[in-house]
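See structure below.
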Amino acid sequence: MLDLAQAGIGDLAGATVGLVGFGHTGRAVAERLQPFGAKIVYYARHRVDAAIESRLQATYLPLPEL
């Protein structure tokens, strides 16, 4: 049986992941990170709708803060 902690996957629990760009690829990454309990923060030239942020549990940050 694969031990998730040894594989490094357990490191995502409680981690903060910053995404630069939140188009199709960035949103797909955010969706795949949700089951691990990672906090998602992102920067994009144009902030996405609040409904998308809520669904993906993502928080917008200006680039210097990201």
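Each row is one residue, and each column tells you yes or no for (1) modelled with pLDDT of 95 or more; (2) of a type in the set (A, V, I, L, M, F, W, C); (3) part of a helix (DSSP H, G or I).
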{"site": "Gly18", "(1), (2), (3)": "yes, no, no"}
{"site": "Gly26", "(1), (2), (3)": "yes, no, yes"}
{"site": "Val48", "(1), (2), (3)": "yes, yes, no"}
{"site": "Ile52", "(1), (2), (3)": "yes, yes, yes"}
{"site": "Arg55", "(1), (2), (3)": "yes, no, yes"}
{"site": "Thr59", "(1), (2), (3)": "yes, no, no"}
{"site": "Leu63", "(1), (2), (3)": "yes, yes, no"}
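Inside the stretch 8-28, can you point out the residues that are in contact (Cβ under 8 Å) with a residue 12 or more places away in the chain, open to solvent by 60 Å² or more (accessible area, probe 1.4 Å) and either within 11 Å of the chain's Cα centre (by Cα) or under 19 Å from Leu66 (Cβ atoms) (or both)?
Gly14, Thr16, Val20, Arg27
Name every residue in the stretch 44-60 that is of a type outside the set (Lys, Arg), surrounded by 13 or more Cβ atoms within 10 Å (Cβ to Cβ) and out of contact with any Asp or Glu (no Cβ under 8 Å at 6 or more places or on another chain), in order of residue number.
Scanning the stretch 44-60 gives Ala44, Val48, Ile52, Glu53, Gln57, Ala58.
Only one of Pro35, Pro64 is open to solvent by 60 Å² or more (accessible area, probe 1.4 Å) and more than 11 Å from the chain's Cα centre (by Cα). Can you tell me which?
Pro64
The values are calculated or read from the model by the stated rules, or taken from the named source; none is laboratory data. Small disclaimer: the values here were computed from a predicted structure and weren't measured. Reconstructed Cβ throughout: ideal geometry from the backbone, glycine too, with neighbour counts over all protein chains shown. Keep in mind that these areas ignore ligands, DNA and RNA; they rest on the heavy atoms of the full protein, side chains included. Shrake-Rupley method; radii C 1.70, N 1.55, O 1.52, S 1.80 Å.
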